[in-house]
Structures are given as structure tokens and as C-alpha cells.
Amino acid sequence: MPELPVVVIGAGPQGLAAAAHLAERGIEAIVVERGDGAGAAVAEWGHVRLFSAWPELIDDASRRLLESRGWQAPQRGYPTGAQWVEDYLAPLAEALGDRVRYGTEVTGIARVGRDKVVDGGRAQQPFVVHTRDREGREERISARAVIDASGTWSTPGPAGADGLPAIGEIAAGERISYRIPDDVSALAGTHAVVVGAGHSATHAVLRLSELTRRAPGTRVTWLIRRSGVEGVYGGGAGDGLPRRAALGSRARKMIDSGVVDVVAGFRVAEIAAGESLTIRAEDGREIPGVAQIFALTGFRPDLGMLRELRIALDPALDAVAGIADEIDPNLHSCGSVSATGARQLAHPEQDFFIVGAKSYGRAPTFLALTGFEQVRSVVAHLAGDHEAAARNDLVLPATGACGGAGDYDSANGSEVAGSDIGGCCAPAPVLQLGTRPAVDPVLSDHSVNILA
């Protein structure tokens, strides 16, 4: 009987890279993607530009596969999300051919004939991946191993400061966005509020600040949970990602100019809806007359599909337990991520791995380079090449001088636990976004803790 395939969840940068490594080693792969095309989550922030340059956004095995078909890698520049998809992810998915299945959602993963409680013969049973397509058709796919590269883009953090939606936040949902805006012209002459202090929030504030100059009467308020604003400036000139350093510099200039009202120490407890929104803090302060809220407080993993698997996650970060100490913003904001391979990503469920932004849980320090190294090591492990799996080929850019999160109520440290990693000058998540050309393109490559 032929060997079962490896199922990869997600056709984003890490999922497609995993499939390319599997193909290079002669291992059958099935990539299951909920969206309608490669890099579907990246395409949702296609209007923004990445912090990382082209050479840092291309996986080695993927490059070899594409170059065998006559593709030439871009050598310089900082692509937008749309360019990353068009010039790299879409051609890579095409090269992988029918290994990639679109419009198919994974609803659960288990061991054949074993729920989570059963010990007997567990490791000897293959995985069974339950899926549902756009027409509601369900399927069971048997697999020798599963790589979850589904990202975190679909589960943004709430505006509420305690990790749960604020009172009234769900009811006011039509006037709350959890994404960096593209066109803000409809907000001319209104009052917009940004909640959060990471790169995504900084970008949104910069974009809205341009509107205040073009449209008199436009107001922008920036709500930061931490007691001071220093954290939003990042690593400054010492940041190895110059585009990200420029974002922090512009934020400093914008705050100093007084174009935006910055309210520090504001922890959202309630959002009251009427003709306009009123935002109330835990300490009783109010921000009235709000037309639109942009809640940009980070992302978190969706763990629902993993409920029948035995997985090891950090209790604070929802990150893979084996890498949590190196990426925990409570301890530091410049994790070197010296160990990020198959051994550190392993779970009690043998041959199941979480890679990419999802492996970082709520931590905001993920880069595409990190994910490419993860999948290289994991696939080497699955191929039985344990020497290659143990090797660490990851080289990250320097990220400037910065320390740990410190005291949550102090003015300088980062906010933690999936909130606003404002002081973090470690590598920005692949889904965290930057700015449009009107402000000078600057972006991270997360992700956002996006997706990807």
C-alpha cells in the first residue's frame, strides 16, 4: 500500500514552502486552503508594503522549484502584499499543481479511530483530516503527518483591554474594523479612533493623519493601553529593518506635531453605540463622538480544529511550548529565536507540527524567514534526515537595542499577551502591516501576526 501523504493546512508563504520542501524530497503532499487562491490572507492586505526585502521573502526550496520552470527571483525592493502574491506565491502554487486544493476548510484533525483520550496504539494510527468545501461537501483525508500553517489572520484581538470584546463591542461591529485601512477618504470630517500600539496601529494612525491635513474637521485619536508612548517608536536607527525604523521615526514626528490626539493608559472597557460611538475606559474616561474604530491589537491562533489532538502550547502566549521562552514579550522583545526547528516545534502528538505565525501564538515577533527555517527543519525530520532537521540555518537581521516588557503600568515597556506590542523592536510579525505610498511604504512581513 502506498505511503500516505503529508497534509499541509494553508497555502500561504509557509504552507507553500512546506509543500515545496516535501516535493523536493519526494514526499507526497496535499495543501488544503480555505481561500480561493494562493496567499489568500496576504491578498487581504495587498495594499500594504512589507518591512522585509525580496531576498528575505523567498524560501530556498521554493526558489529552486520556480527557477526550474524559468522563474527569476526579484533581487531588490520591498513588495506590497499584492506583489508578493502575484510575483511569488501564485507562481509557486501553480508550480505545485494539483497538490493544492482551494475553497476547502479544515474542520478538525484526529487519529483514525482514536479521540483525544485514547492512548492505545495512538502513534501507529494515521491522522484523519476532516474538511468541508464551499458546497458543504465533507471529506476525510488520511495523512502520515500534518503541518498546520494556517496562520492567525482570521482571529484578530479585540478592542477590549482584558482580552475579551469590550461591553458593546460586538453590537457596534459595523463601525469597528480589525484591519489596517486602505482608503480612508470616507472618514473625512469625522472622528476616527485607533486602539493599539504596534506597527499595524502606527500605520493606521499615520494614514489617518494624512486625512486630517487634506480634510479639515477630521479628528484622529490614538488610544494606547500603556502609560506612555515611547514604545511605539520601535528600535530607531539601530533597527536592522530600515523600513520599520522609518515607521517609528514618522510616528515620533507625527505625535510631536500634535496632529493626532494620543491618550495613553486608556484600557477599553465599553463601547456604547448611538448616532456615534462612545468609548469608555476602565478608569471611567470617555471618548465620545466616534464615527469609526480601528482595533489593531494583534492576532491570536484559532485552535478549534486541533481539539482532538494532544498539543503542547504555552499557557500565556498560545505559542508552541518549545519556542515560547524565546519569543515571550514578558521576558524580552528581541528574541533571537536561536532554536526554531522540528525538535522545538514538536508536540505530544507525534508528526503533528504548527509552523508559521500560528506557532508564535499571540507573540508579535514573527518573520517570514523564521517560518521558512521552520518548514525546512520539519520536512527534513519527516524525511528521516535528522542531521538536517537539527541544523539551524536561520539568520535574522539585527533589531536594535531593546529590553523586556517591564511593568505593564510603566511608560516604556511593551504591552503583552496579544495586546499591543508597542515597544517591541524584535522582528515584526509576518502579518503586521505598514503604510501606503501616500505616507511612504513601510510594512512588516506578518502579519501579521497575520497571516500567512
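I'm checking my understanding of the structure. Among residues of region 311-335 that are β-branched (Val, Ile, Thr) and at pLDDT 95 or above, which one is surrounded by the most Cβ atoms within 10 Å (Cβ to Cβ)?
320
Just need a number here: residues in region 146-165 that are farther than 13 Å from residue 297 by Cα and in a loop (DSSP other than H, G, I, E, B).
4
Taking interchain pairs and intrachain pairs at least six residues apart, which have beta carbon atoms under 9 angstrom, with the first residue in region 85-108 and surrounded by fewer than 16 Cβ atoms within 10 Å (Cβ to Cβ) and the second assigned to a helix (DSSP H, G or I)?
From residues that are surrounded by fewer than 16 Cβ atoms within 10 Å (Cβ to Cβ), the pairs are 107/304; 107/305.
With open to solvent by less than 10 Å² (accessible area, probe 1.4 Å) and either in contact (Cβ under 8 Å) with a residue 24 or more places away in the chain or among the acidic types (Asp, Glu) (or both) as the only criterion, which of 262, 355 stands out?
Residue meeting the stated conditions: 355.
Please specify each residue of region 59-73 satisfying the condition of being in contact with a helix residue (DSSP H, G or I) (Cβ under 8 Å, 6 or more places away or on another chain), within 16 Å of residue 13 (Cα to Cα) and surrounded by fewer than 20 Cβ atoms within 10 Å (Cβ to Cβ).
60, 64, 73
From the list 286, 282, pick out the single residue that is among the acidic types (Asp, Glu) and more than 25 Å from residue 155 (Cβ to Cβ).
286 is the lone residue from the list that is among the acidic types (Asp, Glu) and more than 25 Å from residue 155 (Cβ to Cβ).
Counting only residues that are assigned to a loop (DSSP other than H, G, I, E, B), under 24 Å from residue 80 (Cα atoms), of a type outside the set (Asp, Glu) and out of contact with any Gly (no Cβ under 6 Å at 6 or more places or on another chain), how many does region 11-34 have?
Of the residues in that region, 2 qualify.
Among the candidates 209, 185, 154, which residue alone is within 19 Å of residue 47 (Cα to Cα), open to solvent by 10 Å² or more (accessible area, probe 1.4 Å) and out of contact with any Asp or Glu (no Cβ under 9 Å at 6 or more places or on another chain)?
Exactly one residue qualifies, and that residue is 185.
Among the numbered criteria (1) part of a loop (DSSP other than H, G, I, E, B); (2) over 24 Å from residue 301 (Cα atoms), which one does residue 37 miss?
It fails just one condition, (2).
Take the residues of region 286-310 that are open to solvent by 50 Å² or more (accessible area, probe 1.4 Å) and touching a residue at least 40 places away in the same chain (Cβ under 8 Å): which is nearest to the chain's Cα centre (by Cα)?
Once the filter is applied, the top-ranked residue is 302.
Yes/no per residue for (1) out of contact with any strand residue (DSSP E or B) (no Cβ under 7 Å at 6 or more places or on another chain); (2) farther than 28 Å from residue 199 by Cα:
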site	(1), (2)
3	yes, yes
10	yes, no
33	no, no
42	yes, no
55	yes, no
70	yes, yes
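The values are calculated or read from the model by the stated rules, or taken from the named source; none is laboratory data. Source: prediction; values computed, not measured. Heads up, the Cβs are rebuilt from the backbone with ideal geometry, glycines too, and the neighbour counts pull from every protein chain shown. Quick note on the areas: whole protein, heavy atoms, side chains included, nothing else; ligands and nucleic acids left out. Shrake-Rupley method; radii C 1.70, N 1.55, O 1.52, S 1.80 Å.
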